[in-house]
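S.K.: Following this message is one structure expressed as structure tokens.
Since every read-out is calculated from the coordinates, none of them should be taken as a lab result. Since we're looking at a predicted model, the values are computed, not measured. Glycine also receives a Cβ, built like all others from the backbone with ideal geometry; neighbour counts cover every protein chain displayed.
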Amino acid sequence: MNLIEIGAIIKQQRKLANLTQRELSKESDVGLATIEKLENQRLSEIGYKKLLRILNTLALDLRITTFNQSKPTLEDLQNEDEAKDDTRLGR
């Protein structure tokens with residue numbers, strides 16, 4: 001997962017929580033410009049503490065797993081099945 005993907009998840013979760021970027025900024029104690037750049041794929045780096053404050057404000061956390069290039073994870077297989085179902089159902 002990269003920072004672009006993390007930013008998209010943060011944006012999605014913020015909207016689900018009915019928070020504005022300004023509200024997220026205030027609640028997480030992270031600058032509004034940082035949140036705007038993160039959500040709009042214009043942030044090249046962010047410190048761990050800042051990222052964690054944003055994630056925790058949105059009831060999210062980081063998870064570290066082993067890197068696996070050869071075997072799909074259960075999540076990969078589930079996503080693949082969902083995609084097949086969507087195609088079959090015409091979604």
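S.K.: Let's test the formula: R0 of 30 Å, r as the Cβ-Cβ distance of N18 and R42. What FRET efficiency results, to the nearest 0.05?
M.R.: Efficiency, from the Cβ-Cβ distance: 0.80.
S.K.: Where does the Debye-calculated log10 I(q)/I(0) of the chain sit at q = 0.12, 0.21 Å⁻¹, using only Cα point scatterers of equal weight, no solvent?
M.R.: Calculated log10 I(q)/I(0) at the listed q: -0.49, -0.99.
S.K.: Mark the label point 7 Å from the Cα of L74 along Cα→Cβ and return the residues of the range 1-38 whose backbone N is within less than 20 Å of it.
M.R.: Only 1 pass the distance filter.
S.K.: Could I ask something else about it? What does the extension gain come out to for T65 and M1, with contour length at 0.36 nm per residue minus their alpha carbon separation?
M.R.: Length gained between T65 and M1: 21.9 nm.
S.K.: Another question, then. Between their Cα atoms, which of K26/K49; K15/K50; K11/K71 are more than 24 Å away from each other?
M.R.: Those over the limit are K11/K71.
S.K.: Arrange the following residues from fewest to most other Cβ atoms within 10 Å of their Cβ: R22, R63.
M.R.: With the fewest neighbours first, R22, R63 line up as R63, R22.
S.K.: So, one more: For the residues T57, T73, what sequence is obtained by ranking on other C-beta atoms within 10 Å, fewest first?
M.R.: Listing T57, T73 from fewest to most nearby Cβ atoms yields T73, T57.
S.K.: Find, among the GluC sites (Glu not before Pro) in the chain, those assigned to loop by DSSP (not H, G, I, E, B) with at most 14 other beta-carbon atoms within 10 angstrom.
M.R.: E45
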